[in-house]
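Pasting a structure here, questions to come.
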């Protein structure tokens, strides 16, 4: 953050809020950076006006200006959330008497149904990962963790060896907001872990102290971008040439559980969702799949000309 761009008081308030988000709310550095950047942008828009002089109309004009710049509804909605959270903090600490964003409604966001990969494709993906030279065991483990355990890519990247309970077949996962949860894993994951830990030693000769579960060719902890690149590289070898993100494997994990009768609250716990509403989006996926099955297989689903028996 550049102090020249903000008045001293605003800069001080932003620094305190940043510390609050980090130390009290336990948000990730990435999330905090986005929130602070959004509020900084708003402050520059109102020409660094004193906080007590900012009104709801200023916020509305800010959102309208973003719309004129053709910013996406998702981006505009997030910036409103950032400004709202900042003023919540200011009101909580007595820096302003009222949150000027109260009552302001953001843009309506389209409800996206998560992309789900067919089980046959996922099985082929696992097979292809085994063929990867040098890192076949690691790449297979990455896929097993993302699809077999439903981990976020950031959670996988932060996994350490000590997070594995071999006897119980459980992973201690450090999720969003530094919240921890236990995630069970099955026989395929157990096998992938065992195979990878044998070959993993080859890459740790330079950094013996490394505790990271997933490492790169230099023996360093693999980043989230590195995991995404591994998945992209495997997919390029597939005949379908699909663009697959790590989160699509997590979506598939949840949807396939639901399709096979898993309880929604159990899935919520496995995914580490704070709110059940976040998990409920997968019910929409399953319903759309059910409708497709019905449309294809039931004789009364489509109006077609019936054959008569002569």
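Each value in this text was obtained by applying a stated rule to the coordinates, not by laboratory testing. No experiment lies behind these values; they were computed from the predicted model shown. Cβ coordinates were reconstructed from backbone atoms using ideal geometry, including for glycine residues, and neighbour counts include every protein chain displayed.
What ranking do 213, 172 get, fewest neighbouring Cβ atoms within 10 angstrom at the top?
Listed from fewest to most nearby Cβ atoms, that is 172, 213.
Using the C-alpha gyration tensor of the chain, what are the square roots of 5 times its eigenvalues, in whole angstrom, with the largest one first?
41, 31, 18
Kindly express, to the nearest 10 degrees and within the range 0 to 90, the angle between helix 187-200's C-alpha long axis and the longest C-alpha principal axis of the chain.
Value to nearest ten degrees: 80.
Once you place label points 7 Å from the Cα toward the Cβ at residue 165 and residue 194, how far apart are they in nm?
With each label placed 7 Å out from Cα toward Cβ, I get 2.0 nm.
Of the residues 181, 55, 152, which exhibits the maximal mean-square fluctuation in a Gaussian network model of the chain defined by a 10 Å Cα contact cut-off?
Of 181, 55, 152, the Gaussian network model singles out 55 as fluctuating most.
Follow-up. If the viscosity is 1.567 mPa s and the temperature 4 °C, what translational diffusion coefficient in µm²/s does Stokes-Einstein give for segment 119-294 when Rh comes from Kirkwood over Cα pairs?
77
Run lengths n ≥ 4 of DSSP H only: what is the helix-derived mean residue ellipticity at 222 nm for the chain, with -39500 (n - 2.57) per run over all residues, to the nearest 500?
Rounded to the nearest 500, the figure is -16500 deg cm²/dmol.
Please state the relative contact order of segment 119-294 as a whole percent: Cα pairs under 8 Å, 6+ residues apart?
Result for segment 119-294 is 24 percent.
Also, I was wondering about something else. Label points 7 Å out from Cα along the Cβ direction at residue 23 and residue 97: separation in nm?
Output for this residue pair reads 3.0 nm.
So, one more: In nm, give the distance between the simple-model label positions of residue 134 and residue 88, each being 7 Å from the Cα along the Cα-to-Cβ direction.
Rounded to a tenth, the inter-label distance reads 4.6 nm.
Here's something else I'd like to know. Let me have the relative contact order for the chain, percent, based on Cα pairs under 8 Å that are six or more residues apart.
Relative contact order comes out at 15 percent.
Along the Cα-to-C-beta direction of residue 223, a point sits 7 Å from the Cα; which residues of segment 26-44 have their amide N less than 19 Å from that point?
The answer is 28-34.
Sticking with this one: Based only on other Cβ atoms within 10 Å, what is the fewest-to-most ordering of 20, 147?
Going from sparsest to densest Cβ surroundings: 20, 147.
Under a 10 Å cutoff between Cα atoms, tell me which one of 129, 49, 192 has the largest fluctuation in the Gaussian network model of the chain.
In this elastic network of the chain, the residue with the biggest mean-square fluctuation among 129, 49, 192 is 49.
Quick one: if the Förster radius is 25 Å, what FRET efficiency do residue 115 and residue 57 give, using the C-beta to C-beta distance and rounding to 0.05?
The pair residue 115/residue 57 has a calculated efficiency of 0.05.
Set the Förster radius R0 to 35 Å, insert the Cβ-Cβ distance between residue 201 and residue 176 as r into 1/(1 + (r/R0)^6), and round the FRET efficiency to 0.05.
That pair, residue 201 with residue 176, gives E of 0.65.
Computed FRET efficiency, Cβ-Cβ of residue 238 and residue 67, R0 25 Å: what is it to the nearest 0.05?
That pair, residue 238 with residue 67, gives E of 0.05.
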